[in-house]
Amino acid sequence: MRVVVLTGAGISAESGVPTFRDADGLWEGHRVEDVATPEAYDAQPQLVQEFYDARRAALAHVAPNPAHEALGRLERALGDDLFLVTQNIDDLHERGGSQHVHHMHGELRSALCRACGSRVAWDGPLVDFPGCPGCGLTELRPDVVWFGEVPYGMDEILVHLQRADLFVSIGTSGAVYPAAGFVTFAARHGARTLELNLVPSEGSAFFDEARHGPAGVLVPAWVDEVLGEVMA
Ligand code: APR
């Protein structure tokens, strides 16, 4: 059985990473267009760097929760039959045991050089505009996909969605495309579809089945079910 799992901010909520669109959302104090667009970066690079520097530093104070760990277990059982694509820029899937994670919106622990295009592993701040290890120019920006930019690896994602027997969406509001369209795309290509989210998402009606509750409970239970079927 080929499974595609899409995750969003909700899977990291119980780890203490704020979501974007819930009441205590990440953007409090910052309008999204002030920090998450190329135009914002051109206008106020310092503010944008500080915003993402703070998010990157905060990773040291959070840990994966049972939902991330359950997906790590699923990968060990299914191998290449699992494709995990996340909109999250945190590293909690990796720390939860997943070795192959497709970060379609980029990663906090990576920097992108606007001069040479290098993507380099990055753990420290960028606000002091350090030189790029590739070309030496001081053009490193957060390696995150901003509104108006194209997500990473769309071709590969669509191939996996086309082949999927099961598509599962976890902890995402269904408000941001292209990820919000994955459910209908996968269904059109024959996949069964399942939503696991705290409350019905904007796209909830498009799923064959929807279960509502905290990811830390729903995801381990669902993974146990799948592993039971696979082993049977
Ligand atoms: N368990 C499961 N789901 C949860 C939990 C939880 N503990 N807590 C919150 N949720 C759900 C919310 O109900 C909401 O539907 O997670 C969803 C989070 O939605 P958003 O905050 O919109 O996050 P996401 O869907 O990942 O946002 C998509 O928007 O701003 C951009 O690039 C950013 O990747 C992000 C994209």
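The values are calculated or read from the model by the stated rules, or taken from the named source; none is laboratory data. The shown structure was predicted, so the numbers you read here are calculated from the model rather than taken from an experiment. For accessibility, only protein heavy atoms count, side chains too; no ligands or nucleic acids. Shrake-Rupley method; radii C 1.70, N 1.55, O 1.52, S 1.80 Å.
Summary of values
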item	result
Radius ratio Rg over Rh of segment 79-198, counting only Cα atoms, Kirkwood formula for Rh	1.03
Reduced Cα scattering model of segment 140-232, Debye log10 I(q)/I(0), q = 0.13, 0.26 Å⁻¹	-0.51, -1.32
Net length gained if the chain between Arg192 and His30 were fully extended (0.36 nm per residue, minus Cα distance)	54.5 nm
Helix-only mean residue ellipticity at 222 nm for the chain, each DSSP H run of n ≥ 4 adding -39500 (n - 2.57), per residue, nearest 500	-9500 deg cm²/dmol
Relative counts (whole %) of C-alpha pair distances in segment 1-126, using bins that are 10 Å wide	12, 40, 33, 13, 1
Accessible carbon and sulfur surface of segment 1-152 relative to its total accessible area, %, 1.4 Å	51 percent
The chain: Cα Rg divided by the 2.2 N^0.38 Å rule of thumb	1.02
The chain - accessible surface per residue (Å², probe 1.4 Å)	46 Å²
